[in-house]
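Here it is, the structure, as structure tokens.
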There are 2 protein chains.
Amino acid sequence: MKEKIAIAVHGGAGTILKSSMTLEKEQLYKAGLEEALKLGYQILDKGGSSLDAVTTAVSALENNPLFNAGRGSVFTHDGTHEMDAAIMRGDTLEAGAVAGVSGIKNPVVLARTVMEQSEHVLLGGNEAVRFAFDQGVDLMEPEYFHTEFRHKQWQDALAEGKVQLDHSDKKFGTVGAVARDRNGSLVAATSTGGMTNKRWGRIGDSPLIGCGTYANDKTCAVSCTGHGEFFIRAVVAYDLSCLIEYKGMSLQEACDFLVMDKLQKFGGEGGLIALDKHGNVVLSFNSEGMYRGQYVEGSNLTTAIYRS
Amino acid sequence: MKEKIAIAVHGGAGTILKSSMTLEKEQLYKAGLEEALKLGYQILDKGGSSLDAVTTAVSALENNPLFNAGRGSVFTHDGTHEMDAAIMRGDTLEAGAVAGVSGIKNPVVLARTVMEQSEHVLLGGNEAVRFAFDQGVDLMEPEYFHTEFRHKQWQDALAEGKVQLDHSDKKFGTVGAVARDRNGSLVAATSTGGMTNKRWGRIGDSPLIGCGTYANDKTCAVSCTGHGEFFIRAVVAYDLSCLIEYKGMSLQEACDFLVMDKLQKFGGEGGLIALDKHGNVVLSFNSEGMYRGQYVEGSNLTTAIYRS
């Protein structure tokens with residue numbers, strides 16, 4: 001029997017209010033999510049791996065300047081772009097991640113290269129960029145990452161003297177994808193440009209295995225987006241897996257408990273996308289909105305932004 | 001009723017063979033562990049916090065050139081010293097960590113400063129050192145970290161062209177401590193100089209909350225030492241907590257299963273020190289040896305190196 005294929009993506013969560021959106025902007029975001037889902041689904045549909053589907057979907061979101069990852073990454077305090085990304089495969093529990101890298105076109109590709117071409121899981125900073133160079137991973141000049149929108153956010157944040165999560169709305173800019181292929185293998189990946197005006201080499205949950213990203217064929221694949229510090233302290237991604245494996249919860253029960261109850265009480269605003277070994281997809285968040293979408297075999301592709 | 005106070009420390013695990021040790025070296029290692037235990041225990045005994053006890057014990061190990069952390073940190077490929085550390089308190093689930101920092105006398109103190117003086121959990125690289133400077137955390141010149149022993153290891157590794165875990169033995173150089181104070185609060189901390197001849201800004205499990213370090217008053221405090229990449233992929237520290245919280249295992253059962261069965265099968269060589277909410281201490285490892293010690297109220301201080 002062929003396993004059911006499925007893919008889900010997110011483009012960040014937070015205070016995304018309908019009142020501060022235009023119909024045109026909404027459609028641009030949805031088109032970006034849809035493109036990523038379709039590119040990933042096509043790969044799965046042709047019998048490709050969840051690893052390739054997730055890499056391609058996250059790369060598409062990284063290439064879209066609307067989302068805070070890759071090209072659309074926010075500015076740091078020093079006016080640079082420092083990006084984080086992670087990827088994990090559920091069949092072998094192999095993982096790769098990078099933290100605080102600049103000039104990388106697709107940080108998710110670099111994370112995958114760390115997984116496949118090094119004996120390490122996590123590389124950080126300029127040295128990780130040297131690894132990217134050695135491996136022939138695509139590098140881009142700073143101008144590539146310069147978008148007027150993000151530049152203005154940074155200038156505003158500098159003027160106000162504060163670190164901002166994404167922009168003037170309280171928004172957690174991250175992208176991510178989870179997928180299941182015809183072999184039933186699960187993969188998760190997350191990528192982010194971090195916080196506007198961030199200093200001191202702050203690293204959030206996105207590149208941290210078990211916090212922002214986790215995959216295990218026995219339980220689930222999950223990519224988080226939210227207030228990173230809370231997601232680290234709550235080890236959210238692996239907690240979801242443990243609730244399924246050790247407590248016997250279904251994916252839906254585990255997400256309801258973790259996101260809507262435990263994280264809510266803890267102050268951990270945000271959400272996650274997850275997919276279990278049966279191909280069930282759950283997109284869960286306790287914030288006002290989350291850019292999200294799913295494409296599951298036998299169902300229509302759907303995208304959404306606000307609470308339903 | 002006064003809660004039972006307890007502290008445990010480790011100084012790394014791996015292939016530590018009696019045949020390659022001298023009695024004098026053994027005694028030096030044991031004296032280092034004993035000093036850290038006594039300093040931490042004194043604080044607990046006077047009614048001090050597990051946070052202060054753990055910070056003091058880990059700082060003592062960092063100051064001892066025998067251990068691969070702080071002063072005794074190994075050399076990177078470029079001849080520098082890049083250190084990682086993390087600390088977490090079990091009462092509030094607050095955490096602080098640093099990755100890839102150079103010139104910091106006591107990385108555990110910097111990790112604590114991140115926890116207490118920033119809104120972040122994890123800071124990395126040169127920017128984290130700038131934070132240390134701003135906060136007045138003790139910095140040292142490179143010479144402070146230059147020990148002949150480590151320098152020779154690095155030269156040997158360069159000559160052989162390989163990354164080494166600690167030195168010519170397969171040893172995972174890390175230090176850590178867990179403690180429980182009179183309020184029953186648990187704290188865990190880990191600190192390391194990483195791998196000899198490491199490149200590309202490799203970050204191991206030590207500074208990663210949930211992987212190498214975790215504390216939760218409801219379950220346990222744990223500090224790991226081992227082949228970092230496996231400990232990250234297995235999210236070891238938080239797994240121990242979940243086995244207790246979700247599976248209802250005792251600390252001993254959870255350590256036996258996790259270290260001696262699950263990690264062993266996974267290829268994750270190393271060990272951990274852990275302490276539960278009742279003040280039970282378990283020092284567990286699947287490698288040849290682990291520098292370790294414990295001092296629990298009502299029992300004698302003990303230190304050990306090899307399998308018993």
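Can you give the relative contact order of the stretch B:64-203 as a percent, counting alpha carbon pairs under 8 Å and 6+ residues apart?
After rounding, I find 35 percent.
Additional query: Let me know the charge dipole size of the stretch A:62-142 about its Cα centre in debye, to the nearest 20, where only the beta-carbon of Lys, Arg (+1) and Asp, Glu (-1) is charged.
Details: 5 positive and 12 negative charges, 36 e Å.
Dipole of the stretch A:62-142, to the nearest 20 debye: 180 debye.
Enumerate the amide H contacts of A:Ser223 below 5 Å, restricted to partners 5 or more residues apart or on another chain; note that Pro and chain-start residues carry no placed amide H.
For A:Ser223, whose amide H was placed from the backbone, the distant partners under 5 Å are A:Ile273.
While we're on this one: Counting heavy atoms of the protein chains only and a 1.4 Å probe, report the per residue accessible area for the stretch B:6-306 as a whole number of Å². Kindly include the intermediate steps, with their values, before the conclusion.
On the way: 9920 Å² over 301 residues.
Accessible surface, normalised per residue, equals 33 Å².
For the stretch A:91-124, state which GluC sites (Glu not before Pro) are in a DSSP loop and have at most 15 other beta carbons lying within 10 Å of their beta carbon. Working shown, then result.
Numbers: sites: A:Glu94, A:Glu116, A:Glu119; in loops: A:Glu94, A:Glu119.
Those satisfying the criteria are A:Glu119.
Could you point to the residue in B:His77, A:Pro107, B:Ala254 farthest towards the positive end of the protein assembly as shown's charge dipole, with +1 and -1 charges on the Cβ of Lys/Arg and Asp/Glu respectively?
B:Ala254
Treat every Asp and Glu Cβ in the protein assembly as shown as -1 and every Lys and Arg Cβ as +1, leave all other atoms uncharged, and give the resulting dipole magnitude about the Cα centre to the nearest 20 debye.
700
Okay, next question. What is chain B's relative contact order, in percent, from Cα pairs under 8 angstrom and six or more apart in sequence?
Working: 859 pairs, mean separation 79.3, N = 308.
Across chain B, relative contact order equals 26 percent.
Mind checking the mean number of beta-carbon atoms from other chains within 10 Å of the Cβ atoms in B:195-207?
Working: counts 2, 0, 0, 3, 8, 16, 15, 11, 13, 3, 3, 0, 3.
Rounded to a whole number, the mean comes out at 6.
Accessible surface of A:Phe230 in the full protein assembly, 1.4 angstrom probe, to the nearest 10 Å²?
Here the residue's solvent-accessible area equals roughly 50 Å².
Further question on the same structure: Taking just the alpha-carbon atoms of the protein assembly as shown, what radius of gyration and Dmax come out, in angstrom?
Considering the protein assembly as shown through its Cα atoms, Rg and Dmax are 23.0, 76 Å.
Evaluate the relative contact order of the stretch A:164-294 (contact order divided by residue number), counting alpha-carbon pairs under 8 angstrom at least 6 apart; express in whole percent.
Computed over the stretch A:164-294, the figure is 22 percent.
Residue by residue through the stretch A:249-260, which ³J(HN,Hα) values in whole Hz follow from phi under the Karplus form 6.51 cos²θ - 1.76 cosθ + 1.60 (θ = phi - 60°), with glycine and proline marked x?
With coefficients 6.51, -1.76 and 1.60, one gets 6, 6, 4, 5, 4, 5, 5, 4, 5, 5, 7, 8 Hz.
Quote to one decimal, in nm, the extra length available between A:Lys46 and A:Gln117 on full extension: 0.36 nm per residue of separation minus the C-alpha distance between them.
23.0 nm is the gain from fully extending A:Lys46 to A:Gln117.
What quantity of accessible surface, computed with a 1.4 Å probe and excluding non-protein components, is buried in total between chains A and B, in Å² to the nearest 100?
So the buried area, both faces added, is about 3800 Å².
Placing a label point 7 Å from Cα toward Cβ, how far apart in nm is B:Lys262 from its equivalents in the other copies, listed shortest first to one decimal?
Listed shortest first, these distances are 1.4 nm.
I'd like the Karplus ³J(HN,Hα) series for the stretch B:18-30: coefficients 6.51, -1.76, 1.60, θ = phi - 60°, whole numbers in Hz, and an x wherever there's a Gly or Pro.
Values per residue, Gly and Pro as x: 4, 5, 9, 10, 10, 4, 5, 5, 3, 5, 5, 4, 4 Hz.
While we're here: Under 5 Å between amide hydrogens, which residues at least 5 positions from A:Glu94 or on another chain qualify, with H placed 1.01 Å from N in the peptide plane?
A:Arg89
Using only atoms on other chains, find how many Cβ atoms lie within 10 Å of each Cβ of peptide A:269-279 and report the average.
Mean number of neighbouring Cβ atoms from other chains: 0.
I want to check a number: in the stretch B:193-308, how many lysine pairs have alpha carbons closer than 17 Å, given a sequence separation of 8 or more or different chains?
For the stretch B:193-308, qualifying lysine pairs total 4.
Which value, in Å² and to the nearest 10, is the accessible area of B:His146 when all protein chains are kept and the probe is 1.4 Å?
80
So what does B:His278 come to for accessible area, using a 1.4 Å probe and Å² rounded to 10?
120
Also: Please list, ordered by chain and number, the residues whose modelled amide H lies under 5 Å from the amide H of A:Ile16; skip anything fewer than 5 residues away on the same chain.
Placed amide hydrogens put A:Glu288, A:Gly289 under 5 Å from A:Ile16.
The values are calculated or read from the model by the stated rules, or taken from the named source; none is laboratory data. Treat the numbers as computed from the prediction; the structure is a model and nothing was measured. Glycine also receives a Cβ, built like all others from the backbone with ideal geometry; neighbour counts cover every protein chain displayed. The area values use the complete protein model at the heavy-atom level, side chains included, leaving out ligands, DNA and RNA. Shrake-Rupley method; radii C 1.70, N 1.55, O 1.52, S 1.80 Å.
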